[in-house]
1. What pairs can you find where one residue is in the stretch 25-38 and assigned to a helix (DSSP H, G or I), the other is open to solvent by less than 50 Å² (accessible area, probe 1.4 Å) and acidic (D, E), and their Cβ atoms are less than 6 Å apart, with a gap of 6+ or different chains?
2. What's the total number of residues in the stretch 60-81 that are surrounded by fewer than 16 Cβ atoms within 10 Å (Cβ to Cβ), in a helix (DSSP H, G or I) and in contact with a Lys or Arg (Cβ under 9 Å, 6 or more places away or on another chain)?
3. Report the residue count in the stretch 1-17 for those that are assigned to a helix (DSSP H, G or I), open to solvent by 70 Å² or more (accessible area, probe 1.4 Å) and not polar (S, T, N, Q).
4. Pairs needed: first member in the stretch 48-66, closer than 20 Å to Y96 by Cβ; second member anywhere, of a type in the set (S, T, N, Q); C-beta distance under 8 Å; at least 6 residues apart or different chains.
5. Specify the residue that is least open to solvent (accessible area, probe 1.4 Å); the eligible residues are those in the stretch 136-171 that are without any contact (Cβ under 8 Å) to a residue 60 or more places away in the chain and among the polar types (S, T, N, Q).
6. Can you find a residue in the stretch 82-102 that is part of a helix (DSSP H, G or I), within 20 Å of the chain's Cα centre (by Cα) and aromatic (F, W, Y)?
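The values are calculated or read from the model by the stated rules, or taken from the named source; none is laboratory data. Just so it is clear, the model here is predicted, and its values are computed rather than measured. Using ideal geometry, Cβ is built from the backbone for each residue, glycine included, and neighbour counts are taken over all protein chains shown. Side chains are part of the model used for accessible areas, which takes the heavy atoms of the whole protein and leaves out ligands, DNA and RNA. Shrake-Rupley method; radii C 1.70, N 1.55, O 1.52, S 1.80 Å.
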Amino acid sequence: MSWRNWSLKAKLGGGFGVVFLFLVAIVLVAYLKMGGMVAFLADARYVNELDRELAQREVDHLKFLQKMDAFFIDDAITTVDVTIDDHVCGLGKWLYGPGAEVAIARYPEIASLVKRMESPHAILHQSAKKIKALNQAAKEKKEILAEARGIYHDLTEPALREVAANLEEIR
């Protein structure tokens, strides 16, 4: 049976049927692609949140450094007022808590970077603890400044640079 012999009703029904099948195919493809897009957007949102979290932890440690610098520069500041426990600060909570675990689970390639950051981060806080202990044992701040500056330059600054470099590499 040729196309010419079909009734108008059959021709219109066949034409609409073909258009309908194309429409169903387009909707199906769009639906399947949308699922991939939703997953991509969720991943992009997580990466953005992780970047923001790590940037804030870097800012926190720059504030840590600023307080340490102020102790050496300002004679009126007589105490070292920084967190000395590396598990309590914001980065420590992320490093040793669920934040790092989730990030490593999603991006296993950062596991070595996170692990590499633990030691310098601990050294950073230990150096502050040493300076704080020196300061508490001294009668006057000026008695310990030379030794405290040595600790600061030998331990604190290199550890902070390494932590910042690791954070930047993860980001």
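1. Short answer, once both residue conditions are applied: none.
2. Residues meeting the conditions: 1.
3. 6
4. What qualifies is F64/T83.
5. Among them, the one singled out is N166.
6. Yes: one or more hits.
Quick grid of which residues meet (1) within 20 Å of I123 (Cβ to Cβ); (2) at pLDDT 90 or above:
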| position | (1), (2) |
| --- | --- |
| A42 | no, no |
| N48 | no, yes |
| F71 | yes, no |
| I84 | yes, no |
| L95 | yes, yes |
